[in-house]
Amino acid sequence: MANPFPAEFKREVHTINGVKTVVLTAGRGEPQVFLHGAGIWHGINFTKPWTEKYRVIVPFHPGFGESADDPSISEMHDYVMHYLDLFDALGIERMRLVGFSLGGCMAAKFAVEHGHRVERLVLVGPAGLRDKAHPGPDLFMLPPDKIPAMLVSNFDVIKPYLPEKPDLDFMGERYREGGMLARLLWEHPWDKKLPRYLHRLTMPTLLVWGEEDRLIPVQQSEIWRRYIPKADIQIFKGAGHLVLDEKREAVDAVQRFLS
């Protein structure tokens, strides 16, 4: 199985409000924060080009990856407060912020509340808004073994990161992350109030989507653009939800925009 985390990244451990939070960092320059989605098993190898120009910072959300669980987290705003404290601990006053899927919703909410700290914002297939005309599937009704294939257009891209025969450790981590996701989204799969405040995203904002996204349909990008004052959209053919994993062009587009 391929290593999902590049060797160039240094592992740091911080205690934020009593919760062990693991952060991966690499590169030099101004800070670029990446907030991952609801699973981190496919890794962050796509972030390596960003380290050529920026200090890339990838924290594991509490309840995901190597970070500890935080039973007090019950809604997305709890993550906003967690990251506010983490960024203070890391000495990050201003940043370029990239959020993917679940992390895209976190990034949007963080930037709505603390826009003075976000120089530029990228939302990659973000979750969080309801589109009655183009709904995605109910994640909690999908068989877990079917989800990986739904994430991509080309399964070979993520196949190296999946064990041939999932062991108890791998299955246990997915169950743990799924439980955290259910705690956040089971009763409220989207944020009814978020559209009201997206006008506060006055920083330059880029929406990135895979044209074949089967979890959060690409048509939802128009709802985000409708509410965000300075949002541009870039859509990539031949890519699904994991557009950054599948298309180097998407990774480069993010870097150009942040520059």
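The values are calculated or read from the model by the stated rules, or taken from the named source; none is laboratory data. Keep in mind it's a predicted model, so treat the numbers as computed, not measured. Neighbour counts run over all protein chains shown; Cβ positions are idealised from the backbone, glycine included. Just the protein is used for accessible areas: all its heavy atoms, side chains included, with ligands, DNA and RNA removed. Shrake-Rupley method; radii C 1.70, N 1.55, O 1.52, S 1.80 Å.
Against the numbered list (1) within 18 Å of residue 112 (Cα to Cα); (2) surrounded by fewer than 20 Cβ atoms within 10 Å (Cβ to Cβ); (3) aliphatic (A, V, I, L, M), residue 228 comes up short only at (2). Among residues of the range 132-145 that are more than 17 Å from residue 181 (Cα to Cα), those with a Cβ under 8 angstrom from a residue that is surrounded by 12 or more Cβ atoms within 10 Å (Cβ to Cβ), sequence gap 6+ or separate chain, pair up as 133/219; 134/217; 134/219; 134/220; 135/217.
Each row is one residue, and each column tells you yes or no for (1) over 20 Å from residue 36 (Cα atoms); (2) in contact (Cβ under 8 Å) with a residue 40 or more places away in the chain; (3) in contact with a Pro (Cβ under 9 Å, 6 or more places away or on another chain); (4) not in a helix (DSSP H, G or I).
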| position | (1), (2), (3), (4) |
| --- | --- |
| 181 | no, yes, no, no |
| 184 | no, yes, no, no |
| 190 | no, yes, no, yes |
| 233 | no, no, no, yes |
| 245 | no, yes, no, no |
| 251 | no, yes, yes, no |
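Applying the condition of being part of a loop (DSSP other than H, G, I, E, B) and modelled with pLDDT under 95 to the range 135-157 and asking which residue is surrounded by the most Cβ atoms within 10 Å (Cβ to Cβ) yields 136.
Quick one: is residue 195 open to solvent by less than 40 Å² (accessible area, probe 1.4 Å) and assigned to a loop (DSSP other than H, G, I, E, B)? Taking the combined requirement at face value, the residue does not satisfy it.
Condition check ((1) open to solvent by less than 10 Å² (accessible area, probe 1.4 Å); (2) at pLDDT 95 or above; (3) of a type in the set (A, V, I, L, M, F, W, C)) across all residues:
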site: 9; (1), (2), (3): no, yes, yes
site: 49; (1), (2), (3): no, yes, no
site: 84; (1), (2), (3): no, yes, yes
site: 104; (1), (2), (3): yes, yes, no
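For the range 79-113, the set of residues classified as touching an Asp or Glu at 6+ places or on another chain (Cβ under 8 Å) and of a type in the set (D, E, K, R) consists of 94, 96, 109, listed by residue number.
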